[in-house]
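Read the figures in this text as sums done on the coordinates, not as results from a lab. What you see is a predicted model; the values in this text were computed from it and never measured. With ideal geometry, Cβ positions are generated from the backbone for all residues, glycine too; neighbour counts draw on all protein chains shown.
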Amino acid sequence: MAATYDCIIIGAGPGGLQAAIHLGRYRRRALMLDHGAGRTRHALHIENYLGIPAISGKNLVDIGLGQLRQFGGEFRREHVETVMVADGFLIATDQGRYRAPFVIASTGVTEKIPPIARMNRFFGRSVFTCVDCDGYHTVGKKLAILGDSLESARLALAMQQMFTQTITLVLPGGLLPPDLVELLTEEGIIVRAGTPQEFLGDPILTGVRLHSGEEIFCEVAMLSYGYTINDSYLAGLDVARDGNRAEIVTSGVHETSVRNLFAVGALKPGNPQAIIAAGQGCQAAIEINRRLLAI
Ligand SMILES: Cc1cc2nc3c(=O)[nH]c(=O)nc-3n(C[C@H](O)[C@H](O)[C@H](O)COP(=O)(O)OP(=O)(O)OC[C@H]3O[C@@H](n4cnc5c(N)ncnc54)[C@H](O)[C@@H]3O)c2cc1C
């Protein structure tokens, strides 16, 4: 027999946790499932969350889990494999099966990180992936942007406007049309063709070596390789998607095209920011409680 809840929330990032806290405070039976090692835990310094001058992502999540428990929410460290529609929803994890009339998907995204040696030493400190999160940490510094698409060129121009004038853009050869290379060069952005092999420096980042052997000097680096959406467990459901990136499309209260299945946070189109995810989680929980009252 699968245990039954009012709502099952998949993913304990800011989006899912905020939803669970609200549902708990309505005294609903909420189950939070998370397989661990989430993206927010990699954020060393969140400095753009209202009311909190600075906090690590790990700390934010741990405080959220404490609040969830304080209001009676249940947390299980399990990997969700499938969500099926079957008299409400039936959720299968690597350890069990659970039922609920409402589900919130809040499993975020995973950055595509290329295999560059000594990445772990600098990731989150001087090697970043998110301009909204960490662009500010590059102010006035020598910056290398490492990427694999035209999006990386747009990022270089944007970062030059906001943060720093000293930018080297490293992309696979032949990717950029010549007129774009000309424009970037005119703007003072150095363009290099190549593939990064290894970050240099100890303990401070001093550069990146390409497979060709060329060394690019930098104090900070921004990775621009896109991301994948963590939603494989929804594959069996007919969830409407955004045409370009196949991100989940929802209504104003964050309901997907599958009735009573909600999606909040970074796995939806928009900017993957903690405060946005939390706001969406709050809104979804209020709507779910409204529907539970009507049942
Ligand atoms: C290095 C770094 C720095 C950042 N800095 C900032 C910052 O300064 N400010 C800011 O606002 N945001 C920052 N972010 C972004 C932020 O961490 C999140 O992207 C954002 O909070 C969105 O949260 P979310 O709730 O949608 O998803 P996430 O926080 O990504 O949480 C998703 C959760 O789902 C779980 N999960 C995924 N798949 C499954 C599954 N199948 N079964 C069970 N569990 C699953 C994961 O373990 C994870 O805990 C940063 C991110 C990184 C990587």
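Summary of values
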quantity: Most fluctuating residue given options E111, E78, E187, as computed from a GNM of the chain linking Cα atoms under 10 Å; calculated: E187
quantity: The chain, helix-only ellipticity at 222 nm - DSSP H runs n ≥ 4, -39,500 (n - 2.57), divided by all residues, nearest 500; calculated: -8000 deg cm²/dmol
quantity: Region 119-224 shape via C-alpha gyration tensor axes, a/c threshold 1.5; calculated: oblate
quantity: Crossing angle, helix 274-294 versus the chain [Cα axis fit, 0-90 degrees, rounded to tens]; calculated: 20
quantity: Any cysteine of the chain lacking a neighbouring Cys Cβ under 4.7 Å - listed by number; calculated: C7, C218, C282
quantity: With Cα atoms, 0 to 90° folded angle of helix 150-162 axis to the chain main axis; calculated: 80
quantity: Positive-end extreme of charge dipole, the chain - chosen from A19, G73, G124 (charges on Cβ); calculated: G73
quantity: Mean Cβ count within 10 Å, highest first, over the residues of peptides 4-10, 139-145, 80-86; calculated: 4-10, 139-145, 80-86
quantity: Cα-centre dipole for region 137-242 with unit charges at Cβ (Lys and Arg positive, Asp and Glu negative), debye to 20; calculated: 200
quantity: Assigned charges on the beta-carbon of Lys, Arg, Asp, Glu; region 164-295 dipole about Cα centre (debye); calculated: 800
quantity: Percent antiparallel among DSSP beta bridges (both partners in region 119-224, rounded to 5); calculated: 30
quantity: Cα gyration tensor shape for region 39-79, rounded if a/c is under 1.5, else prolate or oblate; calculated: oblate
quantity: Set of lysines near K142 by C-alpha distance (under 30 Å), chain-local residues within fewer than 8 positions excluded; calculated: K58, K112
quantity: Fraction of beta bridges assigned by DSSP in the chain that are antiparallel (%, nearest 5); calculated: 40
quantity: DSSP bridge orientation in region 1-113 - percent antiparallel, rounded to nearest 5; calculated: 45
quantity: Hits among lysines - C-alpha to C-alpha of K268 under 16 Å, sequence gap 8 or more where chains match; calculated: none
quantity: Cα-centre dipole for the chain with unit charges at Cβ (Lys and Arg positive, Asp and Glu negative), debye to 20; calculated: 1160
quantity: Contact order normalised by residue count of region 119-224, Cα under 8 Å, 6+ apart, percent; calculated: 34
quantity: With Cα atoms, 0 to 90° folded angle of helix 57-70 axis to the chain main axis; calculated: 10
